[in-house]
Amino acid sequence: MSIALFLSVFLIAACGLIYELIAGTLASYLLGDTVFQFSTIIGCYLFAMGIGSYLSRFLGRGLVARFVSIELMVAVVGGFSSSLLFLAFAYTEAFRLVLYVVVILVGTLVGLEIPLLLRILKERIQFRELVSQVLTFDYLGALGASLLFPILLVPKLGLVRSALLFGIFNAGVALWSTWLFREQIGSAPMLRAGSVVAIVLLGGGMVFADRISSAADNNLYADEVIFSRNTPYQRIVLTKWKDDLRLFLNSHLQFSSRDEYRYHEALVHPGLAAVPGARHVLVMGGGDGLAVREILKYPSVESVTLVDLDPEMTHLFTTHPVLSALNEHSFSNPRVHVINADAFRWLDTNTSQYEFIVADFPDPTSYALGKLFTTAFYRLAAKHLSANGLMVVQSTSPLFARQSYWCIVDTVKQAGLRTYPYHVYVPSFGEWGYVIGSFAPYEPPRHLPAGLRFLSTSNVGELFVFPVDMQPVPAEPNRLNDQVLVRYYEQEWKDVAH
């Protein structure tokens, strides 16, 4: 009996934390700003748990029946929470409202569980032992959930199935509680039937989880979704319309196959072509292999080291026939070495020197990404740059996110490098910006590789000329302890959306 009871506590705690983690992860995927999303969701969730604990005092008779009913409500609301949130984001303008309503509702119900269970068990177990054992298993359940979530649940099941699975666990606790406490509850056919119905509904959700995700994706993205996956780091979505293949990371467009050559030629060649005989190149980010494709056009390059955090990205662009064809099988080239690691930590532990470094990270939509645009990161990268080498940084739009762009330029400058900002027009994005950093003076190259589709020696110099509406504006450098860039970026793109 005791083992079954405390296993129930363990599962209750695990389920509650999983729903909280799913809400925070999903919000950060869809809204960005990871710190803000997790902070507000955790705060609201704990506040709601406090409300639930307070409300438990008003529950009197039939505690077991009420406990089972609450478990079933947690199972259904929590189990379908990620499905509901994905659909709300795709089909309504009220995603934030739905998000916090779900978080507060689940938190309130979870807050009711432990106080009720303590009151149910107080006649069976000495109070001192009861509280210590219940809280011990409660905290152990939270630990188990926090470890399972990033290691197993998100990469293997995804957010929708993970929530549904733990909803089934909650419903299972409700069902076996009707047997564990049968002496106190008596005959409970309705509660048992309700538990079975909840398990069947949640099990059906597991079966149709892909259809739920597809329905949300197909409404969210204009073109047909041909691939979608949640990884521990991001949500990857590929869409296709005729010959146009598009990659989205956390709902943000990364490239269109129709014009990505403009972006990647501009990213690589103004810098690399200006470093004659460059042999060793480092690419950070760029898990699609498209920047590497351009780098491999230089016969002098002996090795390209690509450091990308997400192994799912590099695996996808290595093995998928359409995607690997797009990057011309660059990851299969013997000159290329792929390392799946955090670029910040990798730079700190590696000692190699490079003649050319590419920082091709997604835009700074969160503090986790913003750290890769800080003075600390660029100083660390500069230690790996040879005396005559160049570093190029993807720097968002100087037109739509003007202050963000010049913030990045100034941040590179504050890291001790000369800066040479430039921009290019990419139809899928509009005006897009980059900055070259170096120790020595830089001049645009006079020679470029053959076969380029956009750049030529006659137009490469024009990239460094900015019209009036993209000229520098005041901006503070982005520092690790004060990431102003994330705030600039969020506000500027919010203004564009409105």
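All conditions but one from (1) outside any helix (DSSP H, G or I); (2) surrounded by 19 or more Cβ atoms within 10 Å (Cβ to Cβ); (3) not aromatic (Phe, Trp, Tyr) apply to Gly60; the one that does not is (2). Within region 13-31, not a single residue is surrounded by fewer than 17 Cβ atoms within 10 Å (Cβ to Cβ) and either in contact with a Lys or Arg (Cβ under 6 Å, 6 or more places away or on another chain) or among the small types (Gly, Ala, Ser) (or both).
In the set Leu153, Leu164, only one residue is assigned to a helix (DSSP H, G or I), within 15 Å of Val77 (Cα to Cα) and touching a residue at least 60 places away in the same chain (Cβ under 8 Å); that residue is Leu164. Reported count of residues in region 259-286, each being over 14 Å from Gln394 (Cα atoms) and either assigned to a loop (DSSP other than H, G, I, E, B) or of a type in the set (S, T, N, Q) (or both), is 8. Residues of region 82-105 that are closer than 21 Å to Ala14 by Cβ and at pLDDT 95 or above: Val102, Val103, Ile104, Leu105.
Quick grid of which residues meet (1) among the β-branched types (Val, Ile, Thr); (2) in the same structural domain as Pro427 (by TED's automatic domain parsing); (3) in contact with a helix residue (DSSP H, G or I) (Cβ under 6 Å, 6 or more places away or on another chain):
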{"position": "Asn250", "(1), (2), (3)": "no, no, yes"}
{"position": "Pro270", "(1), (2), (3)": "no, yes, yes"}
{"position": "Val283", "(1), (2), (3)": "yes, yes, yes"}
{"position": "Leu326", "(1), (2), (3)": "no, yes, no"}
{"position": "Ala341", "(1), (2), (3)": "no, yes, no"}
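Figure legend. Inter-residue proximity from region 258-280: first residues buried (at least 23 other Cβ atoms within 10 Å of the Cβ), second residues in a strand (DSSP E or B), beta-carbon distance below 6 Å, spacing 6+ or different chains. Indicated pairs: Tyr263/Val426; Ala266/Val424; Gly271/Leu390; Gly271/Val392; Gly271/Ile436; Leu272/Phe356. Residues that are hydrophobic (A, V, I, L, M, F, W, C) and under 16 Å from the mean Cα position of the chain (by Cα) within region 202-238 comprise Ile236, Val237, Leu238, listed in sequence order.
Taking region 459-498 on its own, how many of its residues are over 24 Å from the mean Cα position of the chain (by Cα), aliphatic (A, V, I, L, M) and part of a helix (DSSP H, G or I)? Total meeting the criteria: 4.
Only one entry in Thr411, Thr396, Thr419 is in a loop (DSSP other than H, G, I, E, B), at pLDDT 95 or above and within 26 Å of Arg379 (Cβ to Cβ), namely Thr396. Restricting attention to region 432-447, does a residue exist that is assigned to a helix (DSSP H, G or I) and either crowded, with 22+ Cβ neighbours inside 10 Å or under 33 Å from the mean Cα position of the chain (by Cα) (or both)? No, region 432-447 has no match at all.
Kindly provide the set of residues from region 78-93 that are more than 19 Å from the chain's Cα centre (by Cα), buried (at least 20 other Cβ atoms within 10 Å of the Cβ) and assigned to a helix (DSSP H, G or I), ordered by number. Gly78, Gly79, listed by residue number. Kindly provide the set of residues from region 426-463 that are touching a residue at least 60 places away in the same chain (Cβ under 8 Å), more than 25 Å from Leu253 (Cβ to Cβ) and aromatic (Phe, Trp, Tyr), ordered by number. Passing the criteria: only Tyr442. Applying the selection to region 399-408, what residues are surrounded by fewer than 23 Cβ atoms within 10 Å (Cβ to Cβ) and in a loop (DSSP other than H, G, I, E, B)? Those that are surrounded by fewer than 23 Cβ atoms within 10 Å (Cβ to Cβ) and in a loop (DSSP other than H, G, I, E, B): Leu399, Phe400. Criterion first (touching a strand residue (DSSP E or B) at 6+ places or on another chain (Cβ under 6 Å), farther than 17 Å from Val393 by Cα and either aliphatic (A, V, I, L, M) or part of a loop (DSSP other than H, G, I, E, B) (or both)) does Ser456 satisfy it? So Ser456 does not fit the description; no. Restricting region 213-250 to residues that are in contact with a Phe, Trp or Tyr (Cβ under 6 Å, 6 or more places away or on another chain) and assigned to a strand (DSSP E or B) leaves a set whose member that is surrounded by the fewest Cβ atoms within 10 Å (Cβ to Cβ) is Leu238. Selection of region 383-397 for residues being crowded, with 19+ Cβ neighbours inside 10 Å and of a type in the set (Gly, Ala, Ser) yields Gly389, Ser395, Ser397.
Of a type outside the set (A, V, I, L, M), in a helix (DSSP H, G or I) and in contact (Cβ under 8 Å) with a residue 40 or more places away in the chain, is that true of Phe67? Let's see the steps before the verdict.
Working: of a type outside the set (A, V, I, L, M): yes; in a helix (DSSP H, G or I): yes; in contact (Cβ under 8 Å) with a residue 40 or more places away in the chain: yes.
So Phe67 passes the test.
Answer with yes or no whether Leu253 is at pLDDT 85 or above, surrounded by fewer than 20 Cβ atoms within 10 Å (Cβ to Cβ) and within 28 Å of Val76 (Cα to Cα). Judged against the criteria, Leu253 is not a match. Take Val292 and tell me if it is among the aliphatic types (A, V, I, L, M), assigned to a helix (DSSP H, G or I) and at pLDDT 90 or above. It is true that Val292 is among the aliphatic types (A, V, I, L, M), assigned to a helix (DSSP H, G or I) and at pLDDT 90 or above.
The values are calculated or read from the model by the stated rules, or taken from the named source; none is laboratory data. In this text, all values refer to a predicted model and were calculated from it rather than measured experimentally. Cβ atoms come from the backbone with ideal geometry, glycine included; neighbour counts cover every protein chain shown.
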